[in-house]
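Pasting a structure here, questions to come.
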Amino acid sequence: MRQTIDFQKIQKRTRTRKALGNVIIYALLTLWGLIVLFPFYWMLLTSVKSYGSYNAEYVPSFFTLSPTLQNYADAFTTVPLGRYLLNTLIFTLITTAIMLVVITLAAFAFARLDFKGKNAVFTLFLSLMMIPNELVVITNFTTITNLGLRNTFLGLILPSVTSVFYIYLLKENFAQIPDELYYAAKVDGTSDLRYLRRVMIPICRPTLITIVILKIIECWNSYVWPRLITDDPNYYLVSNGIQEIRENGFGRENIPAMMAAVVVISVPLIVLFFIFRKKIMAGVARGGTKG
């Protein structure tokens, strides 16, 4: 009887410790979530404050009783933000599409095709990841300038149509697909491109979707390269637009309108993430298909 009572006490103590541990974990996660989300809240809050009320705040206010959408109108009238959004959309879609074709073919070649020096070439290819981005930017700038492609979409797109990291990631996924599938397809007379299109791409779709999302985010947030290669407003991207606002002095004087422009630029990426969040998680968690 005493042993039963002691066992019940141990169970109760264990449940209490587990519940206390869960409370602490969720409290820390909630605190971390608030810290991460606070900059987005502050950006949105500032974008709906009027110019007068924002500048009248000696102590920053964490809410406003008189929100306004005038800042969003000012963001589009101060600079042609709509045209910059269209330019960014064109740049992002074309760059991502071309890059997807390039890295898929390159990853397939390294994963499935046999040719002399493949391992040496792949090792040399991976070594490019050790080169600082600043050196690559200088080389790309010189090349694009010598080709006379400044202030063109082609000049914006070309340096971004491949990625060593994405090729490596996709190659590792392709390499884990069972060899038996490839040999069976070859026996049936299937070409390499048909096998790639019908078998490998569908199996590795989560990884491909993750790569596409990451590339879209990269292109949408691109800043250094567009600033270097374009000085014609007809080819400005949204990053150029924000900088143009600051250079005109408007960003320093009317912070709420500038925050409104940042909100407009951020919305497409946020919507994209919420639509494909499950695919992104699946692609990141997936180490490859094991046969």
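Can you tell me which condition Phe63 does not meet? The list is (1) exposed (fewer than 15 other Cβ atoms within 10 Å of the Cβ); (2) under 30 Å from Asn151 (Cβ atoms); (3) not β-branched (Val, Ile, Thr), and all the others hold.
All conditions are met except number (2).
So, Ser222, is that one assigned to a loop (DSSP other than H, G, I, E, B) and at pLDDT 85 or above or not?
Considered against the rule, which asks whether it is assigned to a loop (DSSP other than H, G, I, E, B) and at pLDDT 85 or above, Ser222 comes out as yes.
Still on this structure: Which one of these does Ile167 not meet: (1) more than 17 Å from Ala97 (Cα to Cα); (2) assigned to a helix (DSSP H, G or I)?
(1)
List pairs: first in segment 183-206 and of a type in the set (A, V, I, L, M, F, W, C), second surrounded by 13 or more Cβ atoms within 10 Å (Cβ to Cβ) and modelled with pLDDT under 80, Cβ under 6 Å, 6+ apart or cross-chain?
From residues that are of a type in the set (A, V, I, L, M, F, W, C), the pairs are Ile203/Thr289.
Let me ask another. Here are Gly148, Gly155: which of them is closer than 26 Å to Thr92 by Cα and over 26 Å from the mean Cα position of the chain (by Cα)?
Just one listed residue meets the conditions, Gly148.
Could you list, in sequence order, all residues of segment 154-163 that are surrounded by fewer than 16 Cβ atoms within 10 Å (Cβ to Cβ) and assigned to a helix (DSSP H, G or I)?
The one that is surrounded by fewer than 16 Cβ atoms within 10 Å (Cβ to Cβ) and assigned to a helix (DSSP H, G or I): Leu154.
Right, next: Counting residues that are closer than 26 Å to Tyr223 by Cα, which helices (runs of 4 or more DSSP H) fully inside segment 36-112 reach at least 2?
Result: 70-78, 81-112.
The values are calculated or read from the model by the stated rules, or taken from the named source; none is laboratory data. In this text the structure is predicted, and so the values were computed from the model without any measurement. Cβ: placed from backbone, ideal geometry, glycine included. Neighbour counts: every protein chain shown.
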